[in-house]
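Here is the structure we will look at.
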Amino acid sequence: MLQRFLNPSVLAGISGLELVAKTVVDGFVSGLHRSPDFGFSQEFAEYRAYSEGDDLRHIDWNVFARTERAYLKRYRGETNSQLTVLLDASNSMGFGSHPVKKMDYARFLAGSLFYLASQQRDAAGLIVFDDEVRNYIAPSTRQGQLHRLLHGLERAEPNARTDFAKPFVHFQQFLRRRGIVVVISDFYESPEAVVKTVAPLRFHGNELILFHVLDPQEIRPSLNAPALLIDMETGDTIEVSPEYARTEYREKIDSHLEKLRNTARSAGMDYFLIDTSRPLDEALREYLTIRQGRM
């Protein structure tokens, strides 16, 4: 199956983010038993008569050949969804224990979502943030939007510290209609602070999805000798022993992950942890399977 070849190191060797996104989405869709229900509209529902100005690509030409009448296929949930991705570009996202850093993986993930939205003619937009809003591309379906979004992702570089409050206030200022909001971050903030900051977006009717991107060494560090760890955002250092990494650290990170997951879900948000060594299309497929099971 295609997803066997889509490990992050292979994706990192592909030239161009658009080709990466297409490769992931093609592999992702090929592994689904039916089209994804991700707020995007793909499940066939009914026909309707063609009206001037409709997209000719939607015409069922088999029906036309039999009846000489033009009918368009309509899809369940066809609501011109709007997707906005908030991408954390703080310094901690620059960490990586293998060839693909968290920032790279986040770009791959965001690019794949944008490509999927573009294929389904949904509006998509981007906010890149750290302690400031670094880039804002308003959601749109106009020609060239996918290129603008991918260019925005390619320009995103780890910088400064994380401040969740500013980008979310910024987003609310430009909110025009409800849609799907995806936050991609390593969430090095207290679960209560994260959820409290993003929760107001749900009051506008938005659906919130938190993709928690972590390096495998952040989840299960393996040390053979004492090591000096440096906080990439503050510059603070701490000496860590192999015993601490195996015991106390694991307890702390497990507690943080569980609390963030439970706090987010209690507030009505989707939460999904992704290890950056994992094939991206496989991770997306698992998320969609879990999501569909709740609907």
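When residues in segment 172-195 are screened for being assigned to a helix (DSSP H, G or I), under 30 Å from Ser277 (Cα atoms) and either free of Cβ contacts under 8 Å to residues at least 60 places away in the same chain or not assigned by TED's automatic domain parsing to the domain that holds Tyr249 (or both), 1 of them pass. Within segment 175-204, the set of residues being more than 20 Å from Pro139 (Cα to Cα), buried (at least 21 other Cβ atoms within 10 Å of the Cβ) and at pLDDT below 90 is empty. Of the residues screened, Lys102 is one that is crowded, with 17+ Cβ neighbours inside 10 Å and either more than 17 Å from the chain's Cα centre (by Cα) or at pLDDT 90 or above (or both). Residue check: Glu68 meets all listed conditions (1) at pLDDT 60 or above; (2) closer than 19 Å to Ala283 by Cα but one, namely (2). Can you find even one residue in segment 125-134 that is modelled with pLDDT under 90, assigned to a helix (DSSP H, G or I) and either at positive phi or in the same structural domain as Arg285 (by TED's automatic domain parsing) (or both)? No, there is no match, as no residue in segment 125-134 is modelled with pLDDT under 90, assigned to a helix (DSSP H, G or I) and either at positive phi or in the same structural domain as Arg285 (by TED's automatic domain parsing) (or both).
Scoring Val169 on the criteria (1) assigned to a helix (DSSP H, G or I); (2) touching a strand residue (DSSP E or B) at 6+ places or on another chain (Cβ under 6 Å); (3) free of Cβ contacts under 8 Å to residues at least 24 places away in the same chain leaves a single failure, condition (2). Screening Leu83 with (1) within 21 Å of Phe272 (Cα to Cα); (2) surrounded by fewer than 22 Cβ atoms within 10 Å (Cβ to Cβ) gives one miss only, at (2). Only a single criterion out of (1) modelled with pLDDT under 95; (2) surrounded by fewer than 20 Cβ atoms within 10 Å (Cβ to Cβ) is not satisfied by Arg148, namely (1). Only one entry of Leu201, Leu109, Leu116, Leu208 meets the criterion of being more than 17 Å from Val25 (Cβ to Cβ), touching a residue at least 40 places away in the same chain (Cβ under 8 Å) and either touching a Gly at 6+ places or on another chain (Cβ under 8 Å) or assigned to a helix (DSSP H, G or I) (or both), and that entry is Leu208. When segment 242-295 is filtered for residues that are of a type in the set (A, V, I, L, M) and either at pLDDT below 90 or not in a helix (DSSP H, G or I) (or both), the ones remaining, listed by number, are Ala245, Ala267, Met269, Leu273, Ile274, Leu280, Ala283, Leu284, Leu288, Ile290, Met295.
The values are calculated or read from the model by the stated rules, or taken from the named source; none is laboratory data. Worth saying up front: this structure is predicted, and the values here are computed from it rather than measured. We place every Cβ from the backbone using ideal geometry, glycine too, and count neighbours over all the protein chains shown.
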